[in-house]
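Working notes, structure below.
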Amino acid sequence: MKILIVIIALIASAFCLYAQDTIQSKIDTNGLKIQVNTNPIIFADLGFLAGRDVMLSSSINYQYKRNLFILRGIATKGGTERVDMLPTPAVVLKNNSTMREVALLYGQRFIKNGVSFSASLGISSNSAHTFYKTPLGAYANVTNYYVGMPYEFTFMWFRSKKRPFKLLFLIPVGKPSGFGPSLGLKFAGSISKYSFFSGGLVYGIGYHKAY
């Protein structure tokens, strides 16, 4: 439920940016100061990643020049695996286990027309919850909290020019704007007590470049 609330908040934040252009001053060839419309580079994304487990990733991204700042959340549900839980061996039912990550990352993002590549590294707060059954039939729930070093590499494709936003990809809404969707590939992981690596598709919405 918490992950769903975060996803809804990310999407709502992106929509709130629609058509919110800022005004900057620019000097033309005649030496006169004129005003031009521009926009912040900020967007939200939602990814479906696969590695050892299936993961759901969501993040808010803000870029200043080439500097990229990311607030990321990842949740995963595992499979079934046998492990040794000292002092008594047990079967860990990872179908009923979860991992949560909240991370802050910093990186560099490079844009060319309607394509971008970014690489980021940061720090995260993680929790792993495991529900297991011992050979004696007893059930237990174990929670571990730990710090990780998250990283990610992302390729994204988006509109290269301003266009009207299309509701459901079909219905044009409003004047031409840089606000729009994107599609890409994300490779994300973390170096921690329970390290992981995953990759998959990511869908974004927002301002992906300065238009």
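For THR98, the criteria (1) of a type outside the set (Asp, Glu); (2) modelled with pLDDT under 95; (3) within 20 Å of ILE191 (Cα to Cα); (4) in contact with an Asp or Glu (Cβ under 8 Å, 6 or more places away or on another chain) hold in every case but one, which is (4). Is one or more of the residues making up region 128-150 assigned to a strand (DSSP E or B), in contact with a strand residue (DSSP E or B) (Cβ under 6 Å, 6 or more places away or on another chain), modelled with pLDDT of 95 or more and of a type in the set (S, T, N, Q)? No; the residues of region 128-150 include none that is assigned to a strand (DSSP E or B), in contact with a strand residue (DSSP E or B) (Cβ under 6 Å, 6 or more places away or on another chain), modelled with pLDDT of 95 or more and of a type in the set (S, T, N, Q). Across region 52-80, the qualifying residues are those that are basic (Lys, Arg) and assigned to a loop (DSSP other than H, G, I, E, B), and the one among them that is farthest from SER120 (Cα to Cα) is ARG52.
Listed residues LEU170, LEU201, LEU185; which is surrounded by fewer than 17 Cβ atoms within 10 Å (Cβ to Cβ), under 19 Å from LEU68 (Cβ atoms) and either within 21 Å of the chain's Cα centre (by Cα) or not β-branched (Val, Ile, Thr) (or both)?
On the way: LEU170 fails: under 19 Å from LEU68 (Cβ atoms); LEU201 fails: under 19 Å from LEU68 (Cβ atoms).
Residue meeting the stated conditions: LEU185.
The residue that is nearest to GLY199 (Cα to Cα), among those in region 28-51 that are part of a loop (DSSP other than H, G, I, E, B) and modelled with pLDDT under 80, is ASP28. Checking the stated criteria, TYR139 turns out not to satisfy the condition of being within 26 Å of PRO40 (Cβ to Cβ) and either buried (at least 17 other Cβ atoms within 10 Å of the Cβ) or of a type in the set (Ser, Thr, Tyr) (or both).
The values are calculated or read from the model by the stated rules, or taken from the named source; none is laboratory data. Everything numeric here is computed off the predicted structure, so don't read it as measured data. Note: ideal-geometry Cβ built from the backbone for every residue, glycine included; neighbour counts use all protein chains shown.
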